[in-house]
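The values are calculated or read from the model by the stated rules, or taken from the named source; none is laboratory data. Small disclaimer: the values here were computed from a predicted structure and weren't measured. Here Cβ is always computed from backbone atoms with ideal geometry, including for glycine, and neighbour counts include all displayed protein chains. SASA here: full protein model, heavy atoms, side chains in, ligands and nucleic acids out. Shrake-Rupley method; radii C 1.70, N 1.55, O 1.52, S 1.80 Å.
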Amino acid sequence: MKKKYVLIGTGGRAEFFYGSMVRDFQDTCELVAFCDVNQTRLDYANKLLEESYGVPAIRTYLASQFDEMIKAEQPDFVIVTSVDRTHHRYIIRAMELGCDVITEKPMTVDAEKTQAIIDAVERTGQQVRVTFNYRYAPHNTKIRELIRDGVIGQVNSVHFEWALDTQHGADYFRRWHRDKRNSGGLLVHKSTHHFDLVNFWLGTEPDTVYATGGLRFYGKENAEERGVTSFYERAYGSELAKDDPFAIDMESNPHLKGMYLDAEHEDGYHRDQSVFGDGINIEDTLGVNVTYKNKAILTYSLNAYLPWEGFQIAFNGTKGRIEVSVREQSYINSGGKKSDEGKLEQKSLRVIPMFGESYEVEVEEKEGGHGGGDPELLNDLFGEPKEDTFHRAASHIDGAVSILTGIAGNQSLATGQAVKVDSLVDLKR
Ligand SMILES: NC(=O)c1ccc[n+]([C@@H]2O[C@H](COP(=O)([O-])OP(=O)(O)OC[C@H]3O[C@@H](n4cnc5c(N)ncnc54)[C@H](O)[C@@H]3O)[C@@H](O)[C@H]2O)c1
C-alpha cells in the first residue's frame with residue numbers, strides 16, 4: 001500500500017524530496033499536502049509540481065494549520081524541510097499526532113531542543129529519520145568499507161579540512177543561517193554532515209570537544225577593517241551590489257525570483273542580504289578538536305570563503321594511512337540544477353600501507369547529486385529499501401550525536417573550555 005506524505009517548509013531544499021517522490025516513486029508514495037508560513041512559496045511549489053513534473057497541484061496549509069493538516073490528511077510521514085530552528089516543533093508535533101518523520105539535517109540546533117526530540121520519540125514510539133545524504137556518496141561509503149575492513153588497522157587520528165567557497169560558503173551569510181538562533185552556526189548547520197561522517201566512518205561517538213574560531217572575513221566590521229567604506233543591505237535594487245562578486249541577483253534567476261523575491265511581501269524575508277552587512281553572528285573560520293569514545297582524535301577545520309569547495313582528509317591507522325581529496329562543483333541552493341549539488345569535479349582516495357606501495361582506490365561515481373549518493377538515499381526513503389551492510393539510514397540518535405559535536409563546539413567557543421558531550425543530552429538508550 002502507498003504511504004502518504006506531507007511536507008513542511010517548501011523552500012529551496014524541499015523539491016529534492018517532493019520532486020523525486022512524484023517523479024520516481026509514484027508506486028510507493030502519495031504526496032498529499034504542503035505546509036509553510038508563506039502562501040506564495042506554497043503556491044510556487046505547486047506551480048513546480050504542475051509545470052516541471054506534470055502532476056496536479058496538492059492541498060496547501062499555513063504553518064498555523066499544521067494540526068488541522070495532519071488531522072485532515074492522515075499522513076504516514078511528515079517531511080521537515082523548514083528553517084532549522086523550527087524543525088523540533090514539527091518533528092515533535094508530528095509524532096504526537098501519530099506520524100513518523102523524515103527530517104533534513106541538522107535535526108535541530110541546540111541541546112534543549114535535541115532533548116525534547118529524544119523525549120518525544122520515547123513518549124510516542126514514532127520514528128525519526130535524518131537525511132544524511134553524504135553517507136551515501138560512493139567515496140564516503142567506500143571510506144567506511146576500507147576502515148571497517150581493517151585496511152589501515154585501528155584508526156587513531158583523523159585530520160579533516162572542509163572548504164566552502166565564495167559562492168556556496170557565502171550563501172550562509174546572505175540568508176537566515178547568518179543568525180545563530182536559526183541555524184546553530186556552521187558548526188551545527190554544516191558540520192553536522194562532517195561530524196556524522198566521522199561517527200559513521202569510525203563507528204564511534206564523540207566524547208570531548210574543544211573549538212576555536214570566529215567571524216574573520218564576512219560581516220561589516222571585517223570589511224571596514226579591510227578599508228571598505230560603501231555598504232548596502234541587500235542586493236535587490238542596489239547599485240553597489242552590481243560590483244560585489246559576493247552578491248546574488250534574484251531578479252535574473254526565475255527560480256530565485258519565484259521562490260523568494262515574489263514571496264517577500266508576506267514575511268519580509270530577504271534571501272540576498274549583503275555578506276558584509278551588519279547582524280551576522282555565526283563564525284566563518286573554525287577549528288575543532290574532538291576526542292572519541294574509542295580514543296581516536298579528530299582535528300577539524302571549516303572555512304567559508306575559500307577559492308574552491310570540497311574536503312581533504314587523512315586517517316592515520318596502525319597499518320597505514322588513507323588520504324582523500326574531493327573537490328565539489330560550486331552550487332547555491334535554488335540557484336541551479338538539484339543534481340549539481342555536491343557534484344564532483346575531482347576526487348582521489350589513496351591507501352598508503354605502513355610498508356609497501358601506495359595505491360589509488362577506484363570508486364564508481366553514478367549519476368545524480370553527491371556522486372550518485374542522492375538517488376540511493378531517496379530510494380531508501382521512498383522506494384523499496386535494499387539491504388544495506390553499511391547501515392546508512394540514520395536515526396534520531398545518529399541525528400543527535402552528529403549535532404552534539406557542533407553544539408558542544410558552540411559551548412566551547414562561548415566558554416573557552418573543553419566540553420563533555422555526555423553532559424549535554426540524555427540520549428535514553
Ligand atoms: N542535506 C543537504 O544537503 C541540505 C541542503 C540544503 C538544505 N538543507 C536543509 O533543508 C532545510 C531548508 O533549507 P532551505 O535551503 O530549503 O531554506 P529555504 O529558506 O529555502 O526554505 C526554508 C522554508 O522554511 C519556511 N519556514 C520559515 N519559518 C517557518 C516556520 N516557522 N514554520 C514552517 N516553515 C517555515 C520558509 O518559508 C521556507 O519556505 C534546512 O534545514 C537545511 O539545513 C539540507
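Against the definition (over 30 Å from T212 (Cα atoms) and surrounded by 19 or more Cβ atoms within 10 Å (Cβ to Cβ)), how does R429 come out, yes or no? So R429 does not fit the description; no. Looking across E239, E233, one residue alone is more than 21 Å from the chain's Cα centre (by Cα), open to solvent by 70 Å² or more (accessible area, probe 1.4 Å) and under 14 Å from R174 (Cα atoms). It is E233. Can you name the condition, by its number, that Q26 falls short on among (1) in contact (Cβ under 8 Å) with a residue 24 or more places away in the chain; (2) more than 15 Å from E104 (Cβ to Cβ); (3) of a type in the set (S, T, N, Q)? For Q26, the failing item is (1). On the stretch given as region 1-41, residues that are more than 8 Å from the ligand (Cβ to nearest atom) and either in a strand (DSSP E or B) or under 23 Å from R85 (Cβ atoms) (or both) total 16. On inspection, F160 does not qualify as surrounded by 21 or more Cβ atoms within 10 Å (Cβ to Cβ), touching a residue at least 40 places away in the same chain (Cβ under 8 Å) and within 11 Å of the ligand (Cβ to nearest atom). Summed over region 389-429, the residues that are more than 19 Å from the chain's Cα centre (by Cα) and not in a loop (DSSP other than H, G, I, E, B) give a count of 10.
Residue-wise test of (1) in a helix (DSSP H, G or I); (2) open to solvent by less than 30 Å² (accessible area, probe 1.4 Å); (3) over 20 Å from Y305 (Cα atoms).
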site	(1), (2), (3)
F173	yes, yes, no
H193	yes, yes, no
F200	yes, yes, yes
T204	no, yes, yes
A211	no, yes, no
Y218	no, yes, no
E221	yes, no, no
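To keep it simple, each residue is scored yes or no on (1) open to solvent by 20 Å² or more (accessible area, probe 1.4 Å); (2) within 9 Å of the ligand (Cβ to nearest atom); (3) closer than 23 Å to R181 by Cβ; (4) over 25 Å from the mean Cα position of the chain (by Cα).
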| site | (1), (2), (3), (4) |
| --- | --- |
| A45 | no, yes, no, no |
| R59 | yes, no, no, yes |
| E68 | yes, no, no, yes |
| P75 | no, no, no, no |
| C99 | no, no, no, no |
| T103 | no, yes, yes, no |
| P106 | no, yes, yes, no |
| K113 | yes, no, yes, no |
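Taking I397 as the residue in question, decide whether it is assigned by TED's automatic domain parsing to the domain that holds E323, out of contact with any Phe, Trp or Tyr (no Cβ under 9 Å at 6 or more places or on another chain) and β-branched (V, I, T). Yes: the conditions hold for I397.
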